[in-house]
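Note sheet for the following structure.
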């Protein structure tokens, strides 16, 4: 997975480390034919949200690689760049690095095949204490008359939240499958609550990996999220609020 990371002007704010970075989010799509990496700086439409996140959407058909893809994702690599967070939000866990959104996937190959759909971003904040949480809803649509199957790969899971390539939480773990009736759908969802996380540093990679098999011609949708909640030390809350005011004044 390739990422661009620039502008390493760091500021340490009472236990929270922040840098200004060039936004670069990547999607890596893999099939039995090959792998393609999509960069938010080069593909699709990107816009800014009020909370400091970016909204990245797009659509691509790659018959040569065996898939069609539509995506609409919100990624927050720099939470303090948005509106000033409330005191309640700070005391409840501080800002959150996050990836959330939906992607629709179509198997354009003539047989059941294995696919991967991974979303990755670069943290522009660091903290010694974090909590983690997330969720995923997956849907299978049979586009024919023979029924469809979406299944976790052997020894893996359909959803995997990762930091620097290390799994933090998996959902829909092998053996797991959705089974849609002819011309019908099947779906399920799961949520994982906040769990203690280790430290995260500026420049660390965080993301969500999806891996599954899908029957020919059928469509799978993943609606997933991963939140890394950065917890300021008690003495940093006031200073962090000042930093938020500075960030907001700069945006204005």
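A short reminder: the numbers here are calculations on the coordinates, not readings from a lab. It should be emphasised that the depicted structure is a prediction, and the values quoted were computed from it without experimental measurement. Here the Cβ positions follow ideal geometry from the backbone for every residue, glycine too, while neighbour counts run over all protein chains shown.
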Can you give me the distance in nm between label points at residue 164 and residue 57, each placed 7 Å from the Cα along the Cα-to-Cβ direction?
3.6
Centre separation in Å (Cα based) which lies between segment 96-141 and segment 43-72
13
Treat the count of other C-beta atoms within 10 Å as a stand-in for reagent exposure and order 138, 54 from fewest to most.
54, 138
Calculated FRET efficiency, residue 195 and residue 114, Cβ-Cβ r, R0 25 Å, to nearest 0.05?
0.30
At a Förster radius of 45 Å, what calculated FRET efficiency corresponds to the Cβ-Cβ distance of residue 39 and residue 146, to the nearest 0.05?
0.75
Would you calculate the separation in nanometres between label points at residue 48 and residue 179, each defined as 7 Å from the Cα along the Cα-to-beta-carbon direction?
5.1
